[in-house]
Amino acid sequence: MESREKTKESLLEGLGEGVRFNVPLAPYTSFRIGGPADFFFEALSPWGLIKAVSVSRSLGIEFFILGGGSNLLVSDAGFRGLVIKNGCTALLTNGDNPGVQSGFSLNELVDKTAELGLSGLEFLAGIPGTVGGAVYGNAGAFGKSIGDLLERAVVFNPDKGLETVDRDYFEFGYRSSKLKRNGEILISTSFRLEKKTAEEVKRNSEEIRTLRREKHPQNQGSIGCFFKNIKEKGKTIPVGRLLEQVGAKKMAVGNAAVFDRHANIIVNRGGAKASEVRELAGMLRDRVREKFGFVLEPEVVFLGEEPDAT
Ligand SMILES: Cc1cc2nc3c(=O)[nH]c(=O)nc-3n(C[C@H](O)[C@H](O)[C@H](O)COP(=O)(O)OP(=O)(O)OC[C@H]3O[C@@H](n4cnc5c(N)ncnc54)[C@H](O)[C@@H]3O)c2cc1C
């Protein structure tokens, strides 16, 4: 690998003045936690995104695609590679199957489709982040997931290039997609939606948002449910209930605490460190394993050093 100074020069040469150095990542995450990225670039077009991936690979530095940072725990030491912030936000609303670039906000997409009287995405109302992050983790709620509605997509494979694929390609499962396993990047996608009146779709989305406001932290940093629910013999065991039974709601480490209305959510009470979150998550996992014998799997993504501590 090149020296840090040489890497800086090569990145400036390859990507232009948009490259930044030593950029704090906490403001780019909904947890408001984490150290700096050595290198940071916001890609405003798919071509910029592809270029950034190619340049980082040719320089032998690790890269990370950042969406809304709403499912992400960045380590206190930060990330020694290139963070590529996805700023590709074009939306095509012709016809009943809107096409959208992967950096588009999921929440805004829910609102735009509602305005057009297109129904299907309402259950995603209130989930922060981008379309790309949602497809990566097959985000969902109320028993439905984004993968149920995806129609076609363009993905970028750093070795093979661009490919147009359909829903089956993603092998969607509970909070999982093929993108988690093969490192491909979602560039754009379209959804299969149904025509209804705009009023009806908007009303349904607002009802969902109201429900969420009651269950999720509004003024504290968080990244949604920390652990995946347990799937056993075709049944779902909500991890929040198991955590409640081990006294999670009273637990905290430093400024990282379990949310008092949902035991599977960790909140940043202000100035929490990633190490505190990891320690708390480790304690929660140990208690559930001791009492119930289940090994909890994180739903959240870790970036930076010590990613395997939980
Ligand atoms: C208050 C709150 C409530 C939440 N509620 C829910 C919920 O009900 N259901 C749910 O499923 N989640 C929920 N979440 C978690 C989170 O919002 C979702 O997982 C969201 O879809 C993550 O999207 P993002 O853009 O923020 O991804 P990021 O956090 O930026 O990234 C997550 C992962 O996706 C990858 N990624 C991002 N974009 C792309 C791309 N274009 N191509 C390939 N990989 C990509 C990243 O590299 C990373 O590995 C909640 C979070 C919060 C803070």
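The values are calculated or read from the model by the stated rules, or taken from the named source; none is laboratory data. Small disclaimer: the values here were computed from a predicted structure and weren't measured. Ligands, DNA and RNA are stripped out before the accessible areas are found, and what is left, the full protein with its side chains, is counted by its heavy atoms. Shrake-Rupley method; radii C 1.70, N 1.55, O 1.52, S 1.80 Å.
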What share of the DSSP beta bridges in the chain is antiparallel, in percent to the nearest 5? 75
Run through all the Cα pairs of segment 153-310 and give the fraction in each 5 Å bin from 0, expressed as whole percent. 1, 7, 13, 15, 14, 15, 15, 11, 6, 2, 0
Apply the Karplus curve 6.51 cos²θ - 1.76 cosθ + 1.60, θ = phi - 60°, to the phi angles in segment 163-174 and return the couplings in whole Hz, x for Gly and Pro. 8, 9, 10, 10, 4, 4, 3, 6, 6, 5, x, 4
Pairwise centroid distance, computed over Cα atoms, of segment 24-44 with segment 56-126, Å: 15
Once you've got the GNM for the chain with C-alpha springs shorter than 10 Å, pick whichever of 55, 295, 110 has the biggest mean-square fluctuation. 295
Pop out the ³J(HN,Hα) list for segment 234-247 in order, Karplus 6.51 cos²θ - 1.76 cosθ + 1.60 with θ = phi - 60°, rounded to Hz; leave Gly and Pro as x. x, 10, 9, 9, x, 5, x, 5, 5, 5, 4, 6, 9, x
Quick one: pull the percent of accessible area on segment 200-310 belonging to carbon and sulfur, 1.4 Å probe, ligands and nucleic acids left out. 44
What do you get for Rg/Rh over the chain if you use C-alpha atoms and the Kirkwood form of Rh? 0.97
Distance violations [Cα-Cα > 26 Å] among 250/273; 85/196; 250/291: 85/196
Fluctuation leader among 256, 114, 90 - the chain, Gaussian network, Cα springs under 10 angstrom: 90
What residue among 14, 143, 67 shows peak mean-square fluctuation when the chain is described by a Gaussian network model with Cα springs under 10 Å? 143
Skip the ligands, DNA and RNA, and give the accessible area per residue of segment 4-86 with a 1.4 Å probe, whole Å². 42
Long-range amide H partners of residue 151 with built H, under 5 Å: 190, 191, 192
Per residue value of the accessible surface for segment 150-293 (all protein chains in place, 1.4 Å probe), Å²: 53
